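Take a look at the structure set out below.
The numbers here are math on the coordinates, done by the rules we state, and not lab data. Everything numeric in this text was worked out from a predicted model, so none of it was measured. FYI the Cβ positions are ideal-geometry reconstructions off the backbone, even for glycines, and counts take in every protein chain you see.
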Number of protein chains: 4
Amino acid sequence: MRQGQRRIPAAVVNGTGYGGVELLRFLAHHPFFELIEVTARSEAGKTVTSVFPSLGTMDLTFTAEVERSELVFVALPDQAATILVPELLADGRRVVDLSAGFRLHDPSLYPRWYGYEHPAAVLLEEAIYGLAEWARSQLPAARLVACPGCYPTAALLALAPALTAGLVLPDVIVDAKSGLSGAGRKLSIDMHYSEANEDTSAYGIGGHRHSPEIHQELAGRAPVEEPLRLTFTPHLVPMTRGILATCYATLAPGVSAETVNETYRQAYGDALFVRLCSSPPHTKWTLGSNLCFIYPVVEAESRRLIVVSALDNLIKGASGQAIQCANLMYGLAEDLGLPREGVYP
Amino acid sequence: MRQGQRRIPAAVVNGTGYGGVELLRFLAHHPFFELIEVTARSEAGKTVTSVFPSLGTMDLTFTAEVERSELVFVALPDQAATILVPELLADGRRVVDLSAGFRLHDPSLYPRWYGYEHPAAVLLEEAIYGLAEWARSQLPAARLVACPGCYPTAALLALAPALTAGLVLPDVIVDAKSGLSGAGRKLSIDMHYSEANEDTSAYGIGGHRHSPEIHQELAGRAPVEEPLRLTFTPHLVPMTRGILATCYATLAPGVSAETVNETYRQAYGDALFVRLCSSPPHTKWTLGSNLCFIYPVVEAESRRLIVVSALDNLIKGASGQAIQCANLMYGLAEDLGLPREGVYP
Amino acid sequence: MRQGQRRIPAAVVNGTGYGGVELLRFLAHHPFFELIEVTARSEAGKTVTSVFPSLGTMDLTFTAEVERSELVFVALPDQAATILVPELLADGRRVVDLSAGFRLHDPSLYPRWYGYEHPAAVLLEEAIYGLAEWARSQLPAARLVACPGCYPTAALLALAPALTAGLVLPDVIVDAKSGLSGAGRKLSIDMHYSEANEDTSAYGIGGHRHSPEIHQELAGRAPVEEPLRLTFTPHLVPMTRGILATCYATLAPGVSAETVNETYRQAYGDALFVRLCSSPPHTKWTLGSNLCFIYPVVEAESRRLIVVSALDNLIKGASGQAIQCANLMYGLAEDLGLPREGVYP
Amino acid sequence: MRQGQRRIPAAVVNGTGYGGVELLRFLAHHPFFELIEVTARSEAGKTVTSVFPSLGTMDLTFTAEVERSELVFVALPDQAATILVPELLADGRRVVDLSAGFRLHDPSLYPRWYGYEHPAAVLLEEAIYGLAEWARSQLPAARLVACPGCYPTAALLALAPALTAGLVLPDVIVDAKSGLSGAGRKLSIDMHYSEANEDTSAYGIGGHRHSPEIHQELAGRAPVEEPLRLTFTPHLVPMTRGILATCYATLAPGVSAETVNETYRQAYGDALFVRLCSSPPHTKWTLGSNLCFIYPVVEAESRRLIVVSALDNLIKGASGQAIQCANLMYGLAEDLGLPREGVYP
């Protein structure tokens, strides 16, 4: 921490979603970002604590627009973000976007997966894909960071080291289990308590919107020519928070368990928030923190590498990663204002 | 139902586990099996309803041993079952065993996976593996039925049709998610409410006891010479009941979605308890019933077949399947005394 | 069961709510009522199993109106029920109404508590309040039965014996805890999984709609002149089903624990579905059954009677009670087609 | 914060219970207490993070005994605490005890409620009952603080203002609902996931150990001569954390809703962690924070005061309150190192 530095005025756009509320909680105590504005469409004019009593004594009122902040965290739905973000940039602000609006480099994927033409396709080239562990060197110069989705964060942290090092064939399956807060506060019968409680189901088989994002980030990594073959199956499990991703790939010939372990140690040995573990991780270990646990294991008989990752979808999968990126954008310690211990049990 | 037929006197051994209690609930109203005895080690002498108030008005008292029954449902832990079952058979009784004690044909698998030499290995040849949908023809003559585990039931019903018909390569991944009742009433920190609630985790990676059972039943099926390559990863999700198995395999060349659908329709079109569905199934659909839902889907881009199955681990995965087998042993309608509607929500 | 009796054609109106679905499940196997019609507004034309896969193999299609049934179970919201029920009666059908539309005898309570003038106030005198245990003698002649709400059922079964016998002063507190299915399938932020999970709260303090119903049924009972003083506080607890009501009253002078126990034994000794217990009951004991457990206990030091009751809000608190009443309307055994064992665990 | 002050070396005794782990999480970042020791019986020698991965990067190893700390947080079971605490005091340390071992002033209550003679009864006079909001003035001089239980904290914060001000008669009912972490990590069938999930029940009716503690703290308050008549009924609801206490008392003659509100505003207007609310509070608002929400409401018709309180049983009901007390013991800001925002959702 550099003494005497002015605090950066910061805003949260759409502070009423689950990701937005977590941003407020962390930013309220951030030593270098000063949370001065939070916007909300329907709740403008209300105090933050009247809408979210859990925020205790936070002294802020929802407004309609960002006016004074240098750094803006955008927690809008993706299409709304594609419209607002260019304006914020044009005003000279730096933007950390939590939506999918700027994650994909190829504009043609937006009509296909999201159903609309991207209104600011030129920014797709500029936006830094903010998986903090991989983007460290690019973040200090970034104007626009596109934070990865919760599922991609879990999948990429689990699989990227093995693919990059050529330990596995570029043919992977990601079977992910998510708590329900990942779907946000929008009402739907699938999120109705009596329907979702005591239930587990798969959804979006063969075509979840997070697939192209995972594909984009994994496709270039493997040192072989073959195109990546990816299957991603998300599931809903009856809990509020947490993602567990169980990832499967076939080992390349001759790769040993020792090589796997060494590769992951090199990838994450210095990471503040990614922790290798020696038994299968529990999502409960991550509740309320920015931690991601990774457990790579070689199944000798099938010659498969199985990598299990666990994280809190609203933190390392959203708000925590956003702040981690913002810290790096400003040359700060990566973990400033972020919890490194989970709330247990 | 044959008029005038005497009711078969039936017993449940170890009626104090979760599977045992469900057996009691169903057998209490079975029109052809007359539940006359239920044993329990520590609770002998107590009435069933004093131990399990949910059983309402059931008029039975736990005893130490089976004495008068012709048909015996054994709900003991596997090693205890391997000792008791030969005695029951020697007394001339027919046995439906819910444990793993007689599921594996190869005796050498017991020391390796269960940690003991099988004391009645000769019975392993005789025991019918009681996946009712596949064992129908063998059950009428059976003395000893070894009911499959809850995970194998979900995996086998999902994958067997595709493997048997050669629609997929013999290289499969089963990623299964289970509620916690599958682990029984035995106390452990992993089943402690505050640990298991709001948590998802994998366990037994690369070596769960149900693997050899799934392997045994799938290995012979494929019409190709290659040995089966199987990865089975069980997970615990925070709910009491239900198993969801998401199964992955690569399609054989030239196999279309239509072929897949037709194959599954032929396999289960007449099944009373296995239902194909056109959207991903929910475990909630199965709560309290003997139903298993199956959803086969072709992922065109990756050329994979994904099959999702859902069932109630304590019913189709245990007690319900046991009664279904017993019905078939006595030439009765398969669904006698078994619920075909789930308790929703 | 009387041999040769024709089965009574029966209908469920609005079979798409949680209470309605449970009616379908029970009526599908009822030996004397033949479920021939089920209506639904938005789902008319669809098969029952396409909307509710849990109903397995039920062979019915939602229709818009009741046409052929003699007995009609109405599972509409209350205001809609007040309009439809008079028409059904005018057509000569017998009606079991699960809504609050005909529960209150005093028409002036409807504008106050439900916000509308009752369109068929004359029927309020005729309607039998269908708490089956108390209404047995009136049900055989009934054209219209108004089934009690889930909270009132729990409160009345707990408190009525003590008040009627003058064991307590007419000054009672009912602190009730309910699972979320009691609020139905209608979406609201309070029922959104991530909001309701891991949360407990009170609501409707000092003015829940079920208060006047409880008041009406308890007010006349006490042998003293004093008016009843009632406080009823409902709570939501994070589970799908179940109500636990903890009821408090001050013992009348000289009343002993023995007198209390004897009074409750006399009240419920013969009841098929109400069971006294000697330790605090669990809602889990009741899941899926029509049972209600009652635990009366004298707290010597405070001279209070505490009575705890537990039931499944969708069964004894709704659909099960409705069928129990219908059985009595037709002179059948009270428990015909109704489960007396719960689904445990 | 006083510049240049040395940090106080602090220890946690029995850091492996749920309360202990939360102490570790908070103390790891406390600016004035330096966590240097943590003991555990069975886990001595292991690193904290190997036992509790959620603690991320905490660099501590469990030891057998406290050796160097000035301030000791004791999170032992009560009887063990009564033996250790006198030794710690004799060594000149200051002690914050989270157990019930020093909460009751009257030694004769220990044999009756806890089953043993208190081995250090003389300390019962000295120990400060650490409900921080009431004990502020006594804490700076305290050697030994006995932190209240989670239930008493919820009950006392709710009822004490009304009793002290004579707003209600000294005749109160506390109906409390608790998540399961309150029972700790000790295994029992009641805490077994499949038993506790989807279940609500009362327990300890007429004789829970927290009753005498609530009685002791409320008994002296009312300005009338009548002895306090207290009924306390704890319940378990299926969630990990949170306590909701619904408290009932009869208003004294002439007391208005305005008087009630004004009394509570005066009692808690300046409190950092106690917040009055204008709608019934949710336990979810408190998860992970040291907040307690209080909602007093007058039910006009019954002339009752109903006060609902909500808190996180492991924080304001245990570890958070302990640190709040310790802050006050050392003249620090009350909220140092304590979260004032909850983890939502």
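Could you tell me whether the protein assembly as shown comes out rounded, prolate or oblate from its Cα gyration tensor? Rule is a ≥ b ≥ c as square roots of the eigenvalues, rounded for a/c under 1.5, then prolate if a/b exceeds b/c, otherwise oblate.
Note, shape of the protein assembly as shown comes out rounded.
Are there trypsin sites (Lys or Arg not before Pro) in the range A:129-212 that DSSP marks as loop and that have at most 11 other Cβ atoms within 10 Å, and which are they?
Answer by residue number: A:Lys186.
Distance between Cα centroids, the range D:13-80 to the range C:273-345: provide it in whole Å.
Between the Cα centres of the range D:13-80 and the range C:273-345 lies a distance of 47 Å.
Please work out the C-alpha center-to-center distance from the range A:105-140 to the range C:216-242 and express it in whole Å.
Between the Cα centre of the range A:105-140 and that of the range C:216-242, the gap is 59 Å.
Along the principal axes of its C-alpha atoms, what lengths does the range A:45-197 span, in descending order and rounded to whole Å?
Reported extents, whole Å, longest axis first: 54, 46, 31.
Hey, what number do you get for the protein assembly as shown at 222 nm if only DSSP H runs of n ≥ 4 count, each worth -39500 (n - 2.57), divided across all residues, to the nearest 500?
One gets -7000 deg cm²/dmol as the mean residue ellipticity at 222 nm.
Taking D:His29 in one copy and the same position in all the others, each labelled 7 Å out along Cα→Cβ, what are the pairwise distances from the first, in nm, shortest first?
0.4, 5.4, 5.4
Mind checking the dipole of chain B: about its Cα centre, +1 per Lys or Arg Cβ, -1 per Asp or Glu Cβ, Debye to the nearest 20?
Value, rounded to 20: 480 debye.
Say the dipole of the range A:212-345 comes from +1 at the beta carbon of Lys and Arg and -1 at that of Asp and Glu; which of A:Leu251, A:Thr286, A:Ser309 then lies farthest toward its positive end?
A:Thr286
What is the helix-to-structure angle for D:18-27, meaning the angle in degrees between its Cα long axis and the longest Cα principal axis of chain D, kept from 0 to 90 and rounded to the nearest 10?
For D:18-27 against chain D, the angle is about 70 degrees.
Put a point 7 Å out from Cα along the line to Cβ at C:Glu226; what are the distances to that point in the other copies, in nm, shortest first?
1.2, 8.2, 8.3
Which of B:Gln138, B:Gln321, B:Gln266 moves most in a GNM of chain B, Cα contacts under 10 Å?
B:Gln266
Between C:Glu67 and C:Arg136, what's the calculated FRET efficiency when r is the beta-carbon distance and R0 is 30 Å? Round to 0.05.
For C:Glu67 and C:Arg136, the calculated efficiency is 0.45.
By how many degrees, 0 to 90 and rounded to 10, does the Cα axis of helix B:210-219 deviate from the longest principal axis of chain B?
Roughly 60 degrees between the two axes.
Quick one: of the DSSP bridges fully inside chain C, what percent are antiparallel, nearest 5?
Within chain C, antiparallel bridges account for around 45 percent of the total.
Could you give the longest part of chain D that holds none of the GluC sites (Glu not before Pro) found in DSSP loops with at most 15 neighbouring Cβ atoms within 10 Å?
D:118-224
If you put a point 7 Å past Cα along the Cβ direction, how far is that point for A:Ala257 from the same point in each other copy, in nm, smallest first?
4.1, 6.0, 6.8
Which one of C:Ile36, C:Ile315, C:Ile189 has the biggest mean-square fluctuation once chain C is modelled by GNM with Cα springs under 10 Å?
C:Ile189
Given a Förster distance of 22 Å, report the FRET efficiency between C:Trp113 and A:Ser188 from their Cβ-Cβ distance, rounded to the nearest 0.05.
0.10
Could you tell me which of rounded, prolate or oblate describes the range A:178-323, using a ≥ b ≥ c as the square roots of the eigenvalues of the alpha-carbon gyration tensor, with rounded for a/c under 1.5 and, failing that, prolate when a/b is larger than b/c and oblate otherwise?
Prolate shape, in that a/c is at least 1.5 and a/b is the bigger ratio.
Count neighbours as other Cβ atoms within 10 Å of each site's Cβ, and list the trypsin sites (Lys or Arg not before Pro) in the range B:14-99 that are DSSP loop with at most 15 such neighbours.
B:Arg41, B:Lys46, B:Arg68
GNM on chain A, C-alpha springs below 10 Å: top fluctuator among A:Pro77, A:Pro111, A:Pro280?
Maximum fluctuation in the GNM of chain A, among the listed residues, is at A:Pro111.
Between 0 and 90 degrees, rounded to the nearest ten: what's the tilt of helix A:78-90 against the longest Cα principal axis of chain A?
The helix A:78-90 is inclined about 60 degrees to chain A.
Give a residue-ordered list of calculated ³J(HN,Hα) values for the range A:292-303 (Karplus: 6.51 cos²θ - 1.76 cosθ + 1.60, θ = phi - 60°; whole Hz; x for Gly, Pro).
10, 9, 10, 10, x, 9, 8, 9, 4, 4, 8, 6
Student exercise: in chain A, how many lysine pairs 8 or more apart or on different chains have Cα atoms under 20 Å apart?
Counting lysine pairs in chain A gives 5.
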